[in-house]
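Derivation of every value follows stated rules applied to the coordinates shown; laboratory data play no part. Fair warning: this is a prediction, and the values are worked out from it, not measured in the lab. Cβ placement follows ideal geometry from the backbone for every residue including glycine, while neighbour counts extend to all protein chains displayed.
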Amino acid sequence: MIANVPGSRAVLAAAAILILLLAGPASAGEDARTLLSRSESLHRTNSQEYSGELTVVNKDGKVRKKSWRSFREGYAGDAKTLVRFTGPPEVKGVGFLSLARPGKSTDQWLYLPSMKRERRIAAQDRDASFVGTDFSYEDMEEFDHKKYEVERNGEQLLDGRPCYVITAIPREGGGKSVYGKKILYLRKDILFLVRVDLYRKGEKEPGKRLLLSDLRQVDGHWVAMRLEMSDLKKGSGTTVLLDKIVFDKPQPGDRFTLRNLNREGGE
Amino acid sequence: MTRKGAFAALLLLLFPSPVLAQGFSGYVEAKGFAFAERESDRDPWVLGWSTLFAKGERKLGDAQFTASVRAEEISSQERGPLVFDPADREARRSPLSVRDLWVRLPLSSTLDLQLGRFELGWGKTDGYSPADAFLPRDLSDPFLDEKLPIWAARLNGQKGPLRVDAVACPVTTPWRLPVLGGRNAPLETGSPFGRIRFEDRENAPPRAGFVALRLLATIGDWDVGGWGRFGVRPAPLLRFRPDLAFPAPSGPTVPVDRRYAREEAAGVEVSRVAGSWVLRGEAAALFSDDPDLGDALIGTISAERGFGDGTLLVTLAGNAKDTPVDPALLFDRALLPALIAAWNRTEAWGDWKVVWTEGLKHGDGLLKAEVGYNATDVWRLTLGGELPFGSEKGPLGALHAARRAHLAVRRSW
């Protein structure tokens, strides 16, 4: 065995360092597209499930709480997502289905138990609040860099950690977006997205900001346990705390279908 | 069980055990109505309506079980006796009713079987939908236009973009009409003897229900579908019995019977996203050999658009055939042709909505507005009003005595 060969530990250590250097943080010459591609392949998972506890705080400090369960299959440009609200009673049973389409706007439907049927969400209507939160329907989509023109704009420290700053502008023909620009902050060491500044069309200042924090490794995958979306104009904020996260669990073949979305009491 | 006993038993459900707490929800609501005028001395100036609703949901393996009950206390003659009325076939609302009692069993990865009592929603267009018109409704409160659940077996499946929904409803759940001749269902008599009172007679609804099949497909931005339905139409036809009329202290009284016609119907529906709008359309052909019902050709189109946290919805509905339905009873075709515009919006403090319905034949209409204030996640205060207006020859204008304001307090759990 190689471990019995004199000096093999040093060789292994050197090899490991070399692999890390090759596969690890980006080099200074890498462009934004390469960084985002590497980030996607580094953090891609086949599926993800979690329970989410939402706290919505409006500008007057009034607090509303909601809870949901989220299921995802695929990642970024091929993501399918189903969200089912579990509380409070006014929104319990409300379902949301999002199916990404390469190069096109994501298909989205909302199921309202009171109406007993699903409603389709218009692509240009995605700036609307998602069930009373500070997330819009578009914010519920997985970020797919292929639908954006991207450009690297230097680096910046966030919470003492260096991050790549990348400007992403929606591409023509990449699907409708309510945003004119997104500024992405990608942590250099693990290429993980930790902040997104969202500029609505025609705005010079960001209207909203998404912060991803409390990063942990679950089943070998990095995940932000805390997501905070702030509406910088309204002065409100929505915090999502993730719980019971499971990665790469096979999803039932019918989970991401309109039939399942319409199943009352279903997941 | 007395009415108070039933309420006490249901109140116990407010304090569920930790086991029940899983998938247990509901609300208790107290609602008061104040009316601007009265149709007759039978109509009260104010009306109270309290509701307790409890729902339990549970998954056992792949099977989904759901049960819900509703208990009500209404301070008017719209309330029926406390009887076990499992299919809502009594003419008046029972203080206790079963809303859900169903199990859903997945037969395969692509097919579900649902058995029991549940509400069904098929229509594509809001406000008025021919696909939903054959479903039973409770018009005890004509402005709420509440759907009644049905006892049925339902097969629901999806294969790729194609969805199928088959329903067999063996028992008719009849429409529930408001008290005839009251403010919620005024009747024009034109009698030379002055004001005539009407008396609902006890009529057994038919046993047979309906079967229906619906196919849907999603192709890109388009949703298309078609459906067919055979069976008994749950909206009754009224049969006035002047041969049984009798004098009463308040004036001559005419009994009214109800009967139910068979009807076959087929419809198509289509919807798509067009820029900022979602466009929907439905068309249905309805056939009946019954001379009082006849055929109808009903079409609806609607356009919906979101504006920030609000939605604007406009629906236009019409019947291409002149169907002989008494317009005074707000039956499903009486209002047509109609334009319905609804605007709702979610605010940081709650939400509001305004609905304007205009009957295009008689120039009558209804304006509804409601503001909901969420005091906390579980306490909600609602203030609203309903204002029928226009010609009294139209089904909505005839409801002028039902103009009202309402205030409700709800606690959910």
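Points to keep in mind about this one:
- Highest-MSF residue in chain B out of B:Gly308, B:Gly32, B:Gly228 [GNM, Cα springs under 10 Å]: B:Gly308
- Taking every alpha-carbon pair under 8 Å whose residues sit at least 6 apart, chain B reaches a relative contact order of 12 percent.
- Gyration tensor over alpha-carbon atoms, segment A:84-184, equivalent ellipsoid semi-axes in Å: 31, 18, 10
- For segment B:71-112 versus segment A:69-146, the gap between their alpha-carbon centres in whole angstrom: 32
- Look at the alpha carbon pairs under 8 Å that are at least 6 residues apart: their mean separation over the length of segment A:114-247 gives a relative contact order of 15 percent.
- Using a simple spin-label model with pseudo-atoms 7 Å out from Cα toward Cβ, B:Leu162 and B:Glu347 lie 5.0 nm apart.
- Label point distance in nm, A:Phe247-A:Leu232, each placed 7 Å from Cα along Cα→Cβ: 3.1
- Over chain A: helical MRE at 222 nm, DSSP H runs n ≥ 4 each giving -39500 (n - 2.57), nearest 500: -3500 deg cm²/dmol
- Which of A:Ser41, A:Ser105 has the fewest Cβ neighbours within 10 Å, and the rest in rising order: A:Ser41, A:Ser105
- In this structure, the residue pairs whose Cα-Cα separation is over 24 Å, taken from A:Lys65/B:Lys368; A:Lys65/A:Lys233; A:Lys59/A:Lys244, are A:Lys65/B:Lys368; A:Lys59/A:Lys244.
- Cβ-Cβ FRET estimate between B:Ala245 and A:Ser41, R0 fixed at 56 Å, reported to 0.05: 0.10
- Percentage relative contact order, chain A, counting C-alpha pairs under 8 Å, at least six apart: 19
- Shape analysis of segment A:156-267 yields a ratio of the Cα radius of gyration to the Kirkwood radius, Rg/Rh, of 1.03.
- Loop-located GluC sites (Glu not before Pro) in segment B:170-274, at most 15 other Cβ atoms within 10 Å (DSSP): B:Glu188, B:Glu202
- Here the gap between B:Lys321 and B:Phe307, fully extended at 0.36 nm per residue and compared with their Cα-Cα distance, gives a gain of 1.4 nm.
- Ascending count of other beta-carbon atoms within 10 Å, so fewest first, for A:Tyr75, A:Tyr111: A:Tyr75, A:Tyr111
- For chain B, a Gaussian network of Cα nodes joined below 10 Å ranks B:Ala185, B:Ala248, B:Ala296 by mean-square fluctuation, and the top entry is B:Ala248.
- Extended-chain gain in nm, criterion 0.36 nm per residue less alpha-carbon gap, B:Thr376 and B:Ala204: 57.4 nm
- Spin-label model distance (nm) - A:Thr55 vs A:His221, 7 Å beyond Cα toward Cβ: 2.6
- Amide H contacts under 5 Å for A:Val94, placed H, 5+ residues apart: A:Phe85
- Projecting the alpha carbon convex hull of chain B along each direction and taking the average yields 21.7 nm².
- Pair-distance distribution of chain A: all C-alpha pairs, bin width 10 Å, starting at 0; shares per bin in whole percent are 6, 27, 35, 20, 7, 4, 1, 0.
- Using only the C-alpha atoms, the convex hull of segment B:78-216 corresponds to 130 Å³ per residue.
- Cβ crowding within 10 Å ranks B:Trp227, B:Trp379 as B:Trp379, B:Trp227, fewest other Cβ atoms first.
- Ellipsoid semi-axes in whole angstrom, largest first, where each is sqrt(5λ) of the Cα gyration tensor of the protein assembly as shown: 54, 25, 25
- Computed [θ] at 222 nm, helices only, for chain B once each DSSP H run of length n ≥ 4 contributes -39500 (n - 2.57): -1000 deg cm²/dmol
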